[in-house]
1. Order these by the 10 Å Cβ neighbour count, fewest first: 61, 325, 422.
2. Would you mind giving the average projected area, over all directions, of the Cα convex hull of segment 2-89 in nm² with one decimal?
3. State, to one decimal in nm, how far the label point of residue 304 lies from the label point of residue 433, with both points 7 Å from Cα in the Cβ direction.
4. By average Cβ neighbour count within 10 Å, what is the ranking of 302-309, 411-418 from highest down?
5. What distance in nm lies between label points placed 7 Å from Cα along the C-beta direction at residue 198 and residue 109?
6. Once label points are set 7 Å from the Cα along Cα→Cβ at both residue 36 and residue 96, what is their separation, rounded to one decimal in nm?
7. Which of the GluC sites (Glu not before Pro) found in segment 106-141 are in a DSSP loop and have at most 16 neighbouring Cβ atoms, other than their own, within 10 Å?
8. Once every Cα of segment 93-186 carries one equal point scatterer and solvent is ignored, give the base-10 log of I(q)/I(0) from the Debye formula at q = 0.10, 0.16, 0.23, 0.24 Å⁻¹, two decimals.
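Every number in this text was worked out from the coordinates using simple rules, so none of it is lab data. Because the structure is a prediction, the values reported are computed rather than measured. With ideal geometry, Cβ positions are generated from the backbone for all residues, glycine too; neighbour counts draw on all protein chains shown.
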Amino acid sequence: MERGGGKPASVVAVVTEPRFTQRYREYLEKQKLLDRRHRVEKMPDGTVALPVLGEALSEQHLRELRNRVAPGSTCLLTQLLNPVPSKKTQGCSPAQRLCLDVSRWAEGCGVTWSTDLEADLPRSWQRHGDLLLLSEDCFQAKLWKNLEPELWEIVASALGVRRLAKRGRISPDGTRTPAVSLLLGDHGWVEHVDNGIRYKFDVTQCMFSFGNITEKLRVASLPCAGEVLVDLYAGIGYFTLPFLVHAGAAFVHACEWNPHAVVALRNNLELNGVADRCQIHFGDNRKLKLSDIADRVNLGLIPSSEEGWPIACQVLRQDAGGILHIHQNVESFPGKKLQPPGSSEMEKEHRPSPQQIITNQLKNGASSDSRRKMQSAAIKPEWQRWAETTETRIATLLQQVHGKPWKTQILHIQLVKPYAPHVDHVVLDLECR
Ligand SMILES: C[S@@+](CC[C@H](N)C(=O)[O-])C[C@H]1O[C@@H](n2cnc3c(N)ncnc32)[C@H](O)[C@@H]1O
């Protein structure tokens with residue numbers, strides 16, 4: 001999501017030691033990956049964070065930085081929650097330009113410009129190539145209706161796009177369909193390239209979360225060679241594709257009940273040349289007929305994937321077990337201390353509250369699940385508490401479904417993104433044997 005002031009809510013950054021900053025900067029500039037809208041920042045632990053264009057960053061780039069550009073460097077990914085704008089972008093923001101253009105044009109149409117109208121202009125949006133997706137809380141005054149359709153031409157031109165769409169409420173029916181309407185343009189299909197993977201979808205029918213980039217990169221680095229996976233909430237292939245294209249999964253069973261997302265998913269599997277290693281199961285995953293086949297199950301649904309837990313247990317292999325990646329929005333409260341990684345005793349060690357939480361250390365290529373456990377710099381006690389409750393619930397479900405006791409172990413808790421004030425989207429990697 002871009003803010004109208006030109007300031008996104010958070011940006012992805014690559015973190016390294018200060019002595020490697022110049023080499024990292026040169027490489028990122030050359031690859032057109034450096035985000036020039038934000039300043040390079042010094043982190044509390046003395047390392048340096050270089051803002052990057054997260055969408056274009058791939059696992060290959062991280063590997064190159066670590067192995068070729070600056071051998072021996074630590075290469076971490078982080079989300080800068082309060083990125084500092086660079087000097088260059090401190091002039092006229094897109095929102096100011098929009099206000100100027102729309103107010104001038106509206107006054108030319110006989111409208112008396114007011115602070116209420118100004119406050120009703122968009123302040124944040126998602127950019128999908130030449131299509132801008134506006135959030136639902138703008139253009140709500142009745143007066144705008146009289147200014148359509150020219151109004152949309154003015155807005156699009158001020159913001160440098162050719163198509164405009166506006167978001168409504170995310171539908172509560174479980175498909176997470178965002179009720180998007182097209183304001184300008186004749187279709188809502190857009191394309192994104194993330195970590196070398198092409199995703200095409202219709203923004204008016206399917207959702208896309210920019211905030212999940214760190215998790216997509218992490219998934220891409222998981223050691224899944226030869227594994228059979230079940231992706232219970234496949235959408236347009238956000239995680240199915242990295243599992244197939246980068247993580248080396250042998251086969252993915254992808255479940256999805258939104259017919260529009262299924263069309264996009266099928267298309268994306270073809271586009272990325274992996275359609276022969278994926279079976280799409282169209283319909284409600286709770287009615288899935290599969291059992292005893294999965295080495296790994298992805299449960300990528302927020303606010304909670306709880307309804308999918310019984311089927312996740314059912315599809316896990318009885319002989320060898322496997323790993324569950326369980327997504328959840330976890331509420332936490334300000335002022336709480338952070339917990340060091342690997343510790344299960346809460347509030348044991350006092351750590352400074354991280355404005356920037358290091359979320360993903362992609363060291364030495366594909367790392368093992370156990371090593372990843374050690375890579376989260378800080379976890380909140382609420383995440384740990386939720387993970388422990390979930391572990392207990394899953395152990396009970398496994399016993400019920402398979403009729404014998406299982407061993408479970410929390411491998412890792414990963415922050416995907418801050419979702420709302422005091423709510424974090426996290427993933428629990430739970431080993432079940
Ligand atoms: C949030 S999206 C997944 C995208 C990805 N996790 C992300 O955040 O970018 C969840 C997807 O799961 C699908 N879904 C939700 N409940 C489902 C169910 N019971 N059976 C099959 N698909 C389901 C929705 O249609 C949606 O496409």
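1. 422, 61, 325
2. Taking a quarter of the hull surface, the average projection is 5.5 nm².
3. Going from the residue 304 label point to the residue 433 one covers 3.0 nm.
4. 411-418, 302-309
5. 3.8
6. 1.9
7. Counting only loop positions with at most 16 other Cβ atoms within 10 Å, the GluC sites (Glu not before Pro) in segment 106-141 are 136.
8. Log10 of I(q)/I(0), two decimals: -0.26, -0.65, -1.27, -1.36.
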